[in-house]
Ligand SMILES: *Cc1c(COP(=O)(O)O)cnc(C)c1O
C-alpha cells in the first residue's frame, strides 16, 4: 500500500468525507512560505497553515529554541511546578497586552482556551453569588472552535456546527454587527446593531455570564470585517448590565489585521482574552486564556477557591519557547511594514476579481484577502489546482481567501492573488 493509499484508507482529515477525501498531497518539507511535496512539487502556503505560520515555516529562531528545549526538558507537569519557558512567555505576553490583562492560563489549543474562558466567566459569576448567570451572548456569524461549549457559540445556522444544534447548550444570538469596517458608523443604535445587544442584555442579562465575540474579524464564520465602533458600544453595554466581555483573538492576534491585536482597532480591553494559532508562529499547538485581575481574584473567592481546570500538558515548555521566540520576532515591529505592504498589494491585485461573474465581494484587511463568491466553493477544486498554480489555497463556504505568512515577497504574493482570481474565474 502506498503512503497515500494508507492515508486514504485509515486517517481522518478535517471536515473531509472518509469515503471521498478528494485530492491529497503528501508534504515532505516546509520552509519559509514554501511547502514541498513528495513528487518535488512546490507550493506557496497562502493559508499560513490555517493562519498560524506568520513568520513562515521553520523559522530558525523558533526551531533553535525548540531544539535546545527538547534537550533540556520537553515537559513537566505544571501543578506545583513552574519553569522559565512559561515565565518568559508570560513576561512577553503581559508586556504586549493592554494594561489589566495579566492573568495567563496556558492551554493546548484555541478551542480549549475558549472552553477555559467560558468556564472562568461562569465560575466568576458564581463566586459573586450570581448562580443563575450561566448562559452566553454572542453574534451570528461567529466561530469559536470545535469543542462543545465553543460550538454552542458558533453561528447556529451557517456555522460549521449547525448539525449539532439539538445537542448544544442554547445560547443567545443577536445579528452580526451590521456596519462594515470601511463604512460610516451611524450613531443610531437601531442602525449600528447595538440596539439588539442592549435589548438582549436588558431582558436576559441576569442569566448571562459573558458576551463572547471575535473582535472586528469574524474568521471561519465568513471572513467578515465589522466596524470597531460596535466593540466600543458592546464594552459599555456589558459593563452597564454586569456581563463580562470575552474577546476571541485566536485568529486575529499577533498582527494579522494590521494592528497587534484586532481589539486595538477599537481600543477595547476585554475581561478575558483568548489567544492561539499564531502564538507559536505555527510550530506547535498552543493557546492561552488571559483574564484581568478582577476575574482571577473573584474566582479565588468562589466556593471551590481555585479555578477548576488543569490540562495534563498545561504550559508545555516546547510550546512556551516557541511562543517566546515567535513573539520575539514581532518585537522589532518589522511586521507592521510587512502587513501594510501585503494589505496594499492585496487591495490592488484582488480588484481584478471584482465584477467577475459569480463574485459577490472583494475585501482586504491587513494580511487577509477575501474573494467572496455567490455560491459555495468546493475546496477540492483548489486542492487539485494547487500543484499547477504553485499556490496552496483552501477555500471554505463561499470564500476564496489568503492569509499569507508576513515574510511573503511581492512576487510570491502576486502568484497567490493570480491563483485566487483564477479560481474565482473558474469556480462554477
Ligand atoms: C481556529 C479558531 C478557534 C479554534 O482554535 P483551535 O486551535 O483550532 O482549537 C477558535 N476561535 C477562533 C476565532 C479561531 O479562528
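The values are calculated or read from the model by the stated rules, or taken from the named source; none is laboratory data. Only a predicted model underlies this, so the values are computations on that prediction, with no experimental measurement involved. With ideal geometry, Cβ positions are generated from the backbone for all residues, glycine too; neighbour counts draw on all protein chains shown.
Observations
- Strands (runs of 3 or more DSSP E) fully within segment 349-428 counting 1 or more residues that are at pLDDT 95 or above and out of contact with any strand residue (DSSP E or B) (no Cβ under 6 Å at 6 or more places or on another chain): 359-365, 368-373
- Annotation note: of 376, 294, 280, 312, the sole residue that is outside the structural domain of residue 128 (by TED's automatic domain parsing) and on the phi < 0 side of the Ramachandran plot is 376.
- Count - residues of segment 266-279 that are out of contact with any strand residue (DSSP E or B) (no Cβ under 8 Å at 6 or more places or on another chain) and surrounded by fewer than 24 Cβ atoms within 10 Å (Cβ to Cβ): 2
- Yes/no for residue 121 being more than 26 Å from residue 301 (Cα to Cα), in a helix (DSSP H, G or I) and in the same structural domain as residue 211 (by TED's automatic domain parsing): no
- The residues listed here are 323, 282; of these, the one that is assigned to a helix (DSSP H, G or I) and buried (at least 18 other Cβ atoms within 10 Å of the Cβ) is 323.
- Selection from segment 126-156 of residues that are within 13 Å of the ligand (Cβ to nearest atom) and surrounded by fewer than 20 Cβ atoms within 10 Å (Cβ to Cβ): 146, 147, 148
Yes or no, residue by residue, for (1) over 21 Å from the mean Cα position of the chain (by Cα); (2) buried (at least 17 other Cβ atoms within 10 Å of the Cβ):
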{"position": "158", "(1), (2)": "no, no"}
{"position": "192", "(1), (2)": "yes, yes"}
{"position": "199", "(1), (2)": "yes, no"}
{"position": "211", "(1), (2)": "no, yes"}
{"position": "217", "(1), (2)": "no, yes"}
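- Only one entry in 205, 193, 166 is assigned by TED's automatic domain parsing to the domain that holds residue 276, more than 29 Å from residue 295 (Cα to Cα) and more than 16 Å from the ligand (Cβ to nearest atom), namely 166.
- Residue list for segment 235-271, filter: under 17 Å from residue 142 (Cα atoms), touching a residue at least 40 places away in the same chain (Cβ under 8 Å) and either assigned to a strand (DSSP E or B) or not assigned by TED's automatic domain parsing to the domain that holds residue 121 (or both): 246, 248
- Test: residue in segment 104-119 that is over 16 Å from the mean Cα position of the chain (by Cα), surrounded by 17 or more Cβ atoms within 10 Å (Cβ to Cβ) and more than 16 Å from the ligand (Cβ to nearest atom): yes
- Taken across segment 298-311, residues that are within 14 Å of the ligand (Cβ to nearest atom) and farther than 16 Å from residue 254 by Cβ do occur, with at least one present.
- Hits in segment 183-234 - residues which are without any contact (Cβ under 8 Å) to a residue 24 or more places away in the chain and part of a loop (DSSP other than H, G, I, E, B): 184, 186, 187, 188
- Number of the condition not met by residue 267 [criteria: (1) within 14 Å of the ligand (Cβ to nearest atom); (2) at positive phi]: (1)
- The strands (runs of 3 or more DSSP E) located wholly in segment 19-115 that include 3 or more residues which are in contact with a helix residue (DSSP H, G or I) (Cβ under 8 Å, 6 or more places away or on another chain) and in the same structural domain as residue 308 (by TED's automatic domain parsing) occupy 101-107.
- Residues of segment 217-252 that are within 15 Å of the ligand (Cβ to nearest atom) and over 30 Å from residue 127 (Cα atoms): 217, 218, 219, 220, 221, 222, 223, 224, 225, 226, 251, 252.
- Residue pairs meeting the criteria (Cβ under 6 Å; at least 6 apart or on separate chains; first within 17 Å of residue 273 (Cα to Cα) and free of Cβ contacts under 8 Å to residues at least 60 places away in the same chain, in segment 135-154; second in a strand (DSSP E or B) and more than 10 Å from the ligand (Cβ to nearest atom)): 153/136; 153/138
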